[in-house]
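Asker: My questions will all concern the structure given below.
The values are calculated or read from the model by the stated rules, or taken from the named source; none is laboratory data. These numbers come from a predicted model, not from an experiment. Ligands, DNA and RNA are excluded from the accessible area calculation, which covers all protein heavy atoms including side chains. Shrake-Rupley method; radii C 1.70, N 1.55, O 1.52, S 1.80 Å.
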Amino acid sequence: MDPTQKTALTKCNLYIKKNLTNIDRILDILLKEGCLLWDERIQFSGGEKSSDDKCQTLLEILVRRGGICYKTFIDSLKSTGNEHIAKEIEDALSVRKGDDKLMSESDTDDEKDKTITDLRVRIDELTSELEDKNVKLKLLRDQQRRALDDLRKQREKNTEKDSQIKILERKNHDLEKEINKLKTTIENIQKQLRRVEEEKKKTANEQLRAIQNLERKQDATQKTCDKLCENFTAFARDFSKNFPMQAEVKVPNQKAQAIKEAQDEVQKPSPPKKFNSRQRRRGLSTCNFSDAADWRNARTPR
């Protein structure tokens, strides 16, 4: 910084501390224009420092930084309602310009040396901060690597679970196929059972009709036999009336006895023939119904 500017700020130091307002806004303007670094701006945050300390620290930074910082500081004072402070500093600067003109050259060398020293200190500070940030970056990279390892393990577990799920899905699909086959088999068995029941019912109906036909034929045969007996008895009676001789009567009696024996032999029940499988399929169409009727009549008297 120019020695006259530094002298003006030094002369107005107490006045600035006493009358400066809106210091936070001034700091923001200096930060925006590049006269303050972000780390330096953070030093003014919080309530740890008083207003006088903040002003003293700000002036030290401006003197050390130099360059356009003086002009930027004056402009920020004017834009934040501190025009009287800016006027006081400019008045002090104009008074001291003539007196310090001869000493400016020697002071400039000293100021440059001091600025170089301040820059070296700042470089050391930035180097230290860079090392700290490198350490933090290394920690973050380690954390990122561990997170990636955990993510990879989790993906492997998810892949294994997906394979297990696919296996279970295939097994479920196979079970569904087997269940469908069993359902089809059950339906076929049910159809066969219904068909067998229908055939059984049909066979029972056919047997019932056959028995009814046998009973009707048995009744007809019995009526025919009764009619023949009546006719034969009437014939024998008429024959005995017309031929009363003893010798001739004995012959008809012998004939009647022979006829009766023949009739009894005819009426003697005999078991019905057994039906083979072909006769059953034909619906008992080839049965000897008369023999079956006689045999049933003899077994169960009417």
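Asker: Segment 133-199: percent of C-alpha pairs farther apart than 17 Å?
Answerer: On the way: 1540 of 2211 pairs.
For segment 133-199, the fraction of Cα-Cα distances above 17 Å is 70 percent.
Asker: Using the scaling law 2.2 N^0.38 Å as the reference, what is the normalised Cα Rg of segment 177-219? Could the numbers behind the result be given before it?
Answerer: On the way: Rg = 18.5 Å, N = 43, 2.2 N^0.38 = 9.2 Å.
Cα Rg divided by the expected 2.2 N^0.38 Å: 2.01.
Asker: For segment 49-94, take N as its residue count and report Rg(C-alpha) divided by 2.2 N^0.38 Å.
Answerer: Numbers: Rg = 10.9 Å, N = 46, 2.2 N^0.38 = 9.4 Å.
This ratio for segment 49-94 stands at 1.16.
Asker: Then there is this: Show R41, R237 ordered by accessible area, largest first, where the area counts protein heavy atoms only and the probe is 1.4 Å. Please list the in-between numbers first.
Answerer: Values: R41 35, R237 120 Å².
Order by accessible area, largest first: R237, R41.
Asker: To continue, here is another question. Mind checking the per residue accessible area of segment 1-71 for me, 1.4 Å probe, whole number of Å²?
Answerer: That works out to 55 Å² for each residue.
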